[in-house]
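Trainee: To start, I am sharing the structure in question, which I have written as structure tokens.
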Amino acid sequence: VDESDLTGEEQYKIYMKAAFPFFQKANAKIVFYGVPQLTIVGPSDELEWDKVLIVEYANKADFVNMVTAEGYPADLRRKAMADSRLILCTPIT
């Protein structure tokens, strides 16, 4: 199958399958993976994304090491998404 014939969703599934071992090695915890339903606060004329993925890492270094590791499928991630955000957050304690 020619990758250019695949939908973004199909390409994202390929990315997630390839990236999953890297998540495991980084001891990443998938906190949430789902489909947004309704914007409560913000522009209501359209949904910004079709999927939301929240991943927890023990620290920033684990994430940076994961995405810079040899073989990490960053190219698959870029091909799969027209728009995305990677937002580093820290808990309020």
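Trainee: Tally up the residues in region 57-84 that are within 20 Å of Asn27 (Cβ to Cβ), free of Cβ contacts under 8 Å to residues at least 60 places away in the same chain and in a helix (DSSP H, G or I), please.
Mentor: Of all residues in region 57-84, those within 20 Å of Asn27 (Cβ to Cβ) come to 57-74, 77.
Among the residues that remain, those that are also free of Cβ contacts under 8 Å to residues at least 60 places away in the same chain are: 57-74.
Remaining after also requiring in a helix (DSSP H, G or I): 60-68, 74.
Looking only at that region, the number is 10.
Trainee: Consider Val31 against the criteria (1) open to solvent by 100 Å² or more (accessible area, probe 1.4 Å); (2) modelled with pLDDT of 90 or more: it satisfies all of them except one. Which criterion is unmet?
Mentor: Among (1) open to solvent by 100 Å² or more (accessible area, probe 1.4 Å); (2) modelled with pLDDT of 90 or more, the lone unmet condition for Val31 is (1).
Trainee: Of the numbered conditions (1) aliphatic (A, V, I, L, M); (2) assigned to a helix (DSSP H, G or I); (3) surrounded by 12 or more Cβ atoms within 10 Å (Cβ to Cβ), Ile54 fails exactly one; give the number of that condition.
Mentor: (2)
Trainee: Against the condition at positive phi and either part of a loop (DSSP other than H, G, I, E, B) or out of contact with any strand residue (DSSP E or B) (no Cβ under 9 Å at 6 or more places or on another chain) (or both), how does Asn27 come out, does it pass? Write out each step before concluding.
Mentor: Values: at positive phi: yes; either part of a loop (DSSP other than H, G, I, E, B) or out of contact with any strand residue (DSSP E or B) (no Cβ under 9 Å at 6 or more places or on another chain) (or both): yes.
It is true that Asn27 is at positive phi and either part of a loop (DSSP other than H, G, I, E, B) or out of contact with any strand residue (DSSP E or B) (no Cβ under 9 Å at 6 or more places or on another chain) (or both).
Trainee: Within region 14-49, can you find the residues that are out of contact with any Pro (no Cβ under 7 Å at 6 or more places or on another chain) and touching a residue at least 60 places away in the same chain (Cβ under 8 Å)? Lay out the reasoning, then the answer.
Mentor: Pass one, region 14-49, residues out of contact with any Pro (no Cβ under 7 Å at 6 or more places or on another chain): 14, 16-17, 20-46, 48.
Selection gives Ile14 alone.
The values are calculated or read from the model by the stated rules, or taken from the named source; none is laboratory data. In this text the structure is predicted, and so the values were computed from the model without any measurement. Glycine also receives a Cβ, built like all others from the backbone with ideal geometry; neighbour counts cover every protein chain displayed. The protein model used for the area step is the full one, side chains on, heavy atoms only, and it has no ligands, DNA or RNA in it. Shrake-Rupley method; radii C 1.70, N 1.55, O 1.52, S 1.80 Å.
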